[in-house]
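The values are calculated or read from the model by the stated rules, or taken from the named source; none is laboratory data. Predicted model only: the values in this text are computed from it and were never measured. We place every Cβ from the backbone using ideal geometry, glycine too, and count neighbours over all the protein chains shown. Calculation scope for accessible area: heavy atoms of the full protein, side chains included, ligands and nucleic acids excluded. Shrake-Rupley method; radii C 1.70, N 1.55, O 1.52, S 1.80 Å.
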Amino acid sequence: MEKKRNKTLFLVEVAVFSALAYLLDLVSGLLSLKIWPQGGSISIAMIPIFLMSFRWGWKGGILSGFLLGLLQFILGFSQIYTLLQGIIDYGIAFSVVGLAGIFASQVKNSLANNHKKSWITYVVLGTFLGSALRYLAHVYSGIVFFGEYAPAGQPVAVYSFVYNGTYMLPSFIVSAIIVILIISAAPKKMI
């Protein structure tokens, strides 16, 4: 009975946190005033994915990230020019954010043992890993699909690294800070 209850709780939390991530991305996209013409925004949508990753491990994180990308596609909050570009920018990019969950056990153990510096370090490492992998997916997509937007004489790879870095670095920093604040305020048994 307990195993079935845990599976149900897992599925409910994945659904709720994926929907929350979508709503946060929607709000972030509206507030960014479309600064980035080929997509991207400083967003806090990764926060629910990170929380699921640290609570349920990489499986919960990847599933939540994948569902976020799927929601963006289905509900029309995506910029898809080709099927492969859509898969990379939405399916893969948001799914790999969930790999932050490889640090879930370290975060939980550090919290249980009241090692504040340790769990904060693992949260930052996890949010960095998830953000960096998402960034690399967007950079690859930018090189392959958006090279025509690079200024004349600028290498496409440099353009993609800089373009995607302008929103991914702030998104990582903001997400890491907010995830740390949420985890410090949550009861230990919640994570």
Of the residues that make up segment 38-53, is at least one part of a helix (DSSP H, G or I) and more than 19 Å from PHE172 (Cα to Cα)? no
Quick one: which residue in SER110, SER95, SER131 is part of a helix (DSSP H, G or I), modelled with pLDDT of 95 or more and more than 28 Å from LEU71 (Cα to Cα)? SER110
Among the candidates ILE143, ILE183, which residue alone is aliphatic (A, V, I, L, M) and farther than 26 Å from LYS117 by Cβ? ILE143
On the basis of being in a helix (DSSP H, G or I), of a type outside the set (A, V, I, L, M, F, W, C) and in contact with a Pro (Cβ under 7 Å, 6 or more places away or on another chain), does SER105 make the cut? no
Looking for something within 17 Å of ASN164 (Cβ to Cβ), in a helix (DSSP H, G or I) and at pLDDT 95 or above - is there at least one such residue anywhere in segment 21-28? no
Residues of segment 180-191 classified as crowded, with 16+ Cβ neighbours inside 10 Å and in a loop (DSSP other than H, G, I, E, B), total: 1
Between ILE173, ILE143, ILE177, which is without any contact (Cβ under 8 Å) to a residue 60 or more places away in the chain, surrounded by fewer than 22 Cβ atoms within 10 Å (Cβ to Cβ), more than 18 Å from the chain's Cα centre (by Cα) and in a helix (DSSP H, G or I)? ILE143
Being of a type in the set (A, V, I, L, M) and farther than 11 Å from SER18 by Cα is the filter here; which residues of segment 60-88 pass it? ILE74, LEU75, ILE80, LEU83, LEU84, ILE87, ILE88
Kindly list the number of the only condition in (1) at positive phi; (2) over 18 Å from the mean Cα position of the chain (by Cα); (3) of a type in the set (Gly, Ala, Ser) that fails for GLY57. (2)
Selection from segment 157-168 of residues that are open to solvent by less than 80 Å² (accessible area, probe 1.4 Å) and in contact with a helix residue (DSSP H, G or I) (Cβ under 8 Å, 6 or more places away or on another chain): ALA157, TYR159, SER160, TYR163, ASN164, GLY165, MET168
Out of all the residues in segment 101-110, is one or more crowded, with 19+ Cβ neighbours inside 10 Å and among the hydroxyl-bearing types (Ser, Thr, Tyr)? yes
Long-range neighbours under 7 Å by Cβ, at least six apart or interchain, first residue within 18 Å of MET46 (Cα to Cα) and touching a residue at least 12 places away in the same chain (Cβ under 8 Å) within segment 80-97, second of a type in the set (Lys, Arg) and surrounded by 17 or more Cβ atoms within 10 Å (Cβ to Cβ): ALA93/ARG134; PHE94/ARG134; VAL96/ARG134; VAL97/ARG134
Starting from residues that are open to solvent by 40 Å² or more (accessible area, probe 1.4 Å) and without any contact (Cβ under 8 Å) to a residue 60 or more places away in the chain, keep the ones in segment 146-156 and report whichever is nearest to the chain's Cα centre (by Cα). VAL156
In segment 68-92, residue nearest to PHE146 (Cα to Cα) [restricted to those that are open to solvent by 70 Å² or more (accessible area, probe 1.4 Å) and in a loop (DSSP other than H, G, I, E, B)]: TYR81
